[in-house]
Amino acid sequence: MPMLAKLIRALAARWVTAYLMLTYALFVALLAAWSTISPAQRVAGIASLSPFWLLYLIAGVHLLACTIQFFASVRRRATLSLPEDRAGTAVTLTLNDETLAPAAKRAGMKCRWLDKESVAVLYRHRFSSVGTLLFHGALLLLPLAYVISGATRFEGKAWIIEGHTFEGKRAEYYRVTPTEHFSARAPKVHFETEAVEATFWQKKLFFTDLRALLITGKGAERQAAWATMAQPVWIDGARISIQGFNYTPSVEVLAPTGQRIQEADLNLRLFPPGVEDSFTLPGLPHRFWVRLYPDDRGFQLGKPVFHLAVTRGKRLVSRGWLRRGEHLAFDGFRIAFPAIRRGGEIVVHRDWGYPLLWAILMLALLGIAWRVLAPSCIVWLVKKDNGSVEAIVREDAFARGRAERLLANWRADKGNTDAR
């Protein structure tokens, strides 16, 4: 056991802390430099190399040793037992309540006798080291948050349209991370998009407001919530945020006889104005290339104009400018865009390590606040065989001077004018 205690003290030494902090600072600086000339994936690959994992392991062992050491310190402070290192300063005073109690009270400290008329202890905030224990314990939980995040993290991007239902299926996402194990990782997101609203600043391509009204549940459990750029909506533990805007039309195709043979709501990317997207329709060998200009006075939907080109293979069949509801003829058919709906780009993100990370951060901040706002000061007074009294002082850096003020109070007490 003595060997283990020595090993823990060596691993928790301050020089080890200083070395690790300096090494980590150099590591972060190198990663920052690499990130300016290398892709993010390569930088992440560098950070996962075995030498850096060895550094993480050493840091973890150091944190564990510090936590064990501080736990032992909390136990000693709880019993107010004498420290192993008893080097102190000789003082001249009489160990009795009449002498100690007034001086301790003026110094804002409490007094307790460990051995009547032989060992007394005066203390303030003796459990201050619990703050350090909480801080280091919180840091020890970081690997757990990392593992949980890696096992549960999901992020998907998709486009939603007013009046349509989003069911969270793989085909509805145009990008997911990670790409494997979709059914196990993806949250059960299901909602109806009631409305998408966007406000632009001075008719420029800059959102001052972007939000989507999402409807979840059915019947009595039906609920509506606005997902905005700053405030997401939470569904099945996943946060749904909106980050893009879009206009997308519905289409109808008429046969030469005038009969409607095709009718569909499209999901095209036609924003900002001038962006071109294309689509095909079942039963027709054509591809339709579309651009939308919502209004000549800005980005809001005023008097929209479509530019439509129809191709068959590599051959251009027809093209022209259309207002909403107007028809363009191609190979005996006619096509029109009778309606335009607003849409938005959403991000579905779920990470069960995320709330744990916040809890760790709060625990670490609580530990720091506990240590800084309630610094400890403990003074043991031990009567020697020759009748002299030795003061053993343990003070936090934030409590420096309290023991000196206590000694000054003793000097002012009657009967201790020669205390030094």
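The values are calculated or read from the model by the stated rules, or taken from the named source; none is laboratory data. Just so it is clear, the structure is predicted and the values come from calculations on it, not from any experiment. Note: ideal-geometry Cβ built from the backbone for every residue, glycine included; neighbour counts use all protein chains shown.
In the set 313, 325, 353, only one residue is assigned by TED's automatic domain parsing to the domain that holds residue 284 and out of contact with any strand residue (DSSP E or B) (no Cβ under 8 Å at 6 or more places or on another chain); that residue is 313.
Filter the stretch 258-271 down to residues that are surrounded by 14 or more Cβ atoms within 10 Å (Cβ to Cβ) and assigned to a loop (DSSP other than H, G, I, E, B) and give me whichever is farthest from the chain's Cα centre (by Cα). If we take residues in the stretch 258-271 being surrounded by 14 or more Cβ atoms within 10 Å (Cβ to Cβ) and assigned to a loop (DSSP other than H, G, I, E, B), then 266 is farthest from the chain's Cα centre (by Cα). When the criteria are applied in full, residue 249 fails the requirement of being over 30 Å from residue 293 (Cα atoms), touching a strand residue (DSSP E or B) at 6+ places or on another chain (Cβ under 9 Å) and in contact (Cβ under 8 Å) with a residue 60 or more places away in the chain. Only a single criterion out of (1) within 19 Å of residue 335 (Cβ to Cβ); (2) buried (at least 17 other Cβ atoms within 10 Å of the Cβ) is not satisfied by residue 283, namely (2). Selection of first residues in the stretch 127-141 that are over 18 Å from residue 57 (Cβ atoms) and of second residues that are part of a helix (DSSP H, G or I) and among the charged types (D, E, K, R), restricted to Cβ pairs under 7 Å at least 6 apart or on distinct chains, gives the following pairs, ordered by first then second residue: 127/77; 128/371; 129/77; 131/371; 132/371.
Filtering the stretch 165-189 to residues that are in a loop (DSSP other than H, G, I, E, B) and loosely packed, with under 15 Cβ neighbours inside 10 Å leaves 167, 169, 178, 179, 180, 181, 188. Of all residue pairs spaced 6 or more apart or on separate chains, those with beta-carbon atoms under 7 Å, a first member in the stretch 301-321 that is touching a residue at least 12 places away in the same chain (Cβ under 8 Å) and a second member that is in a loop (DSSP other than H, G, I, E, B) and surrounded by 12 or more Cβ atoms within 10 Å (Cβ to Cβ) are 301/294; 304/294; 304/324; 310/286; 311/286; 312/286; 317/286; 317/331. Please determine, by comparing only the residues of the stretch 30-44 that are modelled with pLDDT of 75 or more and under 22 Å from the mean Cα position of the chain (by Cα), which one is nearest to residue 7 (Cα to Cα). Checked the stretch 30-44; the qualifying residue nearest to residue 7 (Cα to Cα) is 31.
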